[in-house]
Ligand SMILES: [Zn+2]
Ligand SMILES: [Zn+2]
């Protein structure tokens, strides 16, 4: 334990004016810990922890006794129903107030009583006493993550309170490592539910199941009974670990799975939670009986929610019959995110959605996030079915499964409040532990990079009403010490950028997309300056310097690195303006891109008749000239403000062209430097609305066969060529030959990308427009994905150009003919021509 005199702590933990009962005085123990007869491992551990930490804090030896000592002040630990545990009459009223593994604290002259209904609750009560009256904090796992102020006296006031957690289940799913002793201890000390196979004194088999089909029907049966296993390409195959599923429509398979589930439950009566997930693979049995379970709609799209829940219903019924107190969890995962069309999921199961492609920038319940609309819809259906909910989260695995530096505790705290209000009973986060025997190649600094965020988020699992600023202020002071003033500002800025960038970060976001967070003018420099300042403040303190070093390293690797890539390769000439829908324009602006390229802050909003330039302060006498669709507007930008620019026509998903020049301190700044204001190279396309569309004015994002989401790639006789007579920007796309291919993944057009979902929004229409000159023909194809299969959809309406003048080519495509959920576009072009000003957008 770090015994530093953190004088700051006393500021945040006002001790009672005078304490009524002394546990330790002048370093001498005045108390004893009394553990009840027949104590459970959790209670034994609670007594040991209390005694050990009283000693760590005060130096006093506090004994753990089986019987009270009349000479001392006794601390009684136990569950309320233990006949050996005698509560004063006044304390008994607290019993009915206890919920889940909550605890009650009661003290009078006869002693301090820490009691609960669940045995684990006693332990949480002990930690509460140590935190509240001993000032101890466990900021991160391991001894150097412990903080407290040494003191000679430890006393408590009169207490009579029940303290319940906001969620029944407060979990991390620790992955990629074994052992993880310090991480697990940290979890219980921060009042989390112990994770699976928590072998340290506590409920060793509290948590069971997970991807468990292969354990419910072992592959050993394959030799004698191949018919119980999945049919793949006409052949029965064993599960081979988690590669495939068994044949879940075979009655004998189901019977064996139920039998084994019952065996596990009866052999391990301590199991309180059983999670039932398929073997971790989207391949399901292809036999006729299994396929018959899918509704036609599910079958068409390769989805299996009805199959999954048909099996779960039977398993949960069998499980509940022998273990009625166990919570059984059915999930939404892989190819069964949706609510089943052919069966009603049992209300005896807790619904645990693992929406791995959800957006984590916004809360799942935030109605303004388009990306999460499908997940909200699924969740609502399960909740309307009367099921309890515990979400499974991947906050720590974005972008693209990378362990990253993410300021997400603020978002999580807000989301937990919303989840609690919506009646959720639990929350689980997939986490790489702080310590442990990592599997080869899976070692990680994930937690080390995100110490403060890991700590802050879990405080809200116990108490969703905790004050975010207070929790983060206290933890920041402890962890960053004298460097906190700079780190506080750094974190505040980074959180603000992360949560207000016009992007939906999910497990599927690409690394460079996170660079978008630093597109606000001056933000990167400000963050770097604050980190440098923190480094200076930490000077002379090796431990603090190392901590700031971790932040620097993580920031450079992630946000700054992503930004560098973003600027170098992806900086778009298209920026999104956000619609003015919310009352507060700050809420609208989080869905507007920052316009880069000028030394000032600039974003756009729009409504039916106007474009609004929202700008930061650019300094004394600064003037911004905007040319919007050929009309010039001069805006005084000395101070921050918003200017309305009337527009003739605004269509959601459409675009307008804007050129800009900033005059500041006698200097002129333009988006593209050397060109004149009216030059196309100084023009940005401002799109109306947050619906991403493909717009490649200058082919800035176009790469040869490079797969970039939401932008174009090409193959064959196509070339990007600089041309002063370009329709827009500096470049044209030149076709010279036959079968040139221009491609784009359009998944982003609808704000989501995972190919598991029914594309309700495809019912709308798509406009594919560009300008061409020369002599060429063009035809369109779409690739439509049905579940895991892909198919090409031919769109037979060829277009051609035969003119030296820029000629508009356009298709209006009816998306409702598509059945899949992932749409790629492919245009075949042959001839000799130039293409420019390309865009794909949704039309009303
Ligand atoms: Zn089958
Ligand atoms: Zn979102």
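What FRET efficiency do you get for residue 651 and residue 469 if R0 is 41 Å and r is their Cβ-Cβ distance, rounded to the nearest 0.05?
Values: r = 42 Å, r/R0 = 1.03.
Efficiency, rounded to the nearest 0.05: 0.45.
Full-extension gain between residue 775 and residue 243, please, as 0.36 nm times their residue separation minus the C-alpha to C-alpha distance. Don't jump to the answer; show the numbers that get you there.
Working: separation 532, 0.36 × 532 = 191.52 nm, distance 5.21 nm.
Gain on extension, residue 775 to residue 243, equals 186.3 nm.
What angle, in degrees between 0 and 90 and rounded to the nearest 10, separates the Cα long axis of helix 523-537 from the longest principal axis of the Cα atoms of the chain?
30 degrees
Which percentage, to the nearest 5, of the DSSP beta bridges contained in the chain is antiparallel?
Details: 118 of 164 bridges.
Of those bridges, close to 70 percent are antiparallel.
Starting from the Cα-Cα distance between residue 565 and residue 292, subtract it from 0.36 nm times their residue separation and give me the gain in nm to one decimal.
Going from the current span to full extension adds 93.4 nm.
Hey, rough spin-label estimate for residue 812 and residue 439, points 7 angstrom out along Cα→Cβ, what's it come to in nanometres?
Calculated label separation equals 5.2 nm.
Within 10 Å, count the other beta carbons around each residue, average over each peptide in 241-247, 528-534, and list them highest first.
On the way: 241-247: 21.0, 528-534: 18.1.
Peptide ranking by packing, descending: 241-247, 528-534.
I need the peptides 625-633, 76-84 ranked by packing, meaning the mean over residues of other C-beta atoms within 10 angstrom, with the highest value on top.
Numbers: 625-633: 14.8, 76-84: 18.7.
Going from most to least packed, we get 76-84, 625-633.
How much FRET efficiency would the formula 1/(1 + (r/R0)^6) give for residue 232 and residue 280, where r is the Cβ-Cβ distance and R0 is 22 Å, rounded to 0.05? Write out the running numbers ahead of the final one.
Working: r = 16 Å, r/R0 = 0.74.
My answer for the efficiency is 0.85.
Which value at 222 nm does the chain reach when only helices count, each DSSP H run of 4 or more adding -39,500 (n - 2.57), with the total divided by all residues and rounded to the nearest 500 deg cm²/dmol?
Working: 20 runs with 213 residues, N = 844.
The helix contribution divided over the chain gives -7500 deg cm²/dmol.
For the chain, take the longest principal axis of its alpha carbons; what is the angle in degrees between that and the long axis of helix 484-500, to the nearest 10 within 0 to 90?
With rounding to tens, the tilt is 50 degrees.
Could you line up 97, 223, 168 from fewest to most neighbouring Cβ atoms inside 10 Å? Don't skip to the answer; put the middle values down first.
Numbers: 97 12, 223 8, 168 22.
Result, fewest neighbours first: 223, 97, 168.
Going by how many other Cβ atoms sit within 10 Å of their own, how do 224, 361 line up, fewest first?
On the way: 224 8, 361 23.
Arranged by neighbour count, lowest to highest, 224, 361 become 224, 361.
Between residue 719 and residue 738, what is the spin-label point distance in nm, taking each point 7 Å from the Cα along the Cα→C-beta axis?
2.0 nm
Taking R0 as 60 Å, what's the FRET efficiency between residue 640 and residue 81 from their Cβ-Cβ distance, rounded to 0.05? Working shown, then result.
Numbers: r = 63 Å, r/R0 = 1.04.
Efficiency, from the Cβ-Cβ distance: 0.45.
Roughly what would the spin-label model give for residue 92 and residue 268, points 7 Å off Cα along C-beta, in nm?
According to this spin-label approximation, the distance is 3.9 nm.
Please give the contour-minus-distance gain from residue 802 to residue 181: 0.36 nm per residue of separation, less the Cα-Cα distance, rounded to one decimal in nm. List each step's numbers first, then the result.
Numbers: separation 621, 0.36 × 621 = 223.56 nm, distance 7.30 nm.
Gain on extension, residue 802 to residue 181, equals 216.3 nm.
Peptides 172-180, 800-808: what's the order by average Cβ count within 10 Å, highest mean first?
Numbers: 172-180: 19.0, 800-808: 14.4.
In descending order of packing, they fall as 172-180, 800-808.
At what distance in angstrom do the alpha carbon centres of region 522-589 and region 267-327 lie from each other?
Distance between centres, Cα-based: 44 Å.
Can you sort 548, 256 so the residue with the fewest Cβ neighbours within 10 Å comes first?
Details: 548 24, 256 18.
Going from least to most buried by this count: 256, 548.
Any read-out appearing in this document is the output of simple, stated calculations on the displayed coordinates, not a laboratory observation. This structure is a prediction, so every number in the text was calculated from the model and none was measured. Neighbour counts run over all protein chains shown; Cβ positions are idealised from the backbone, glycine included.
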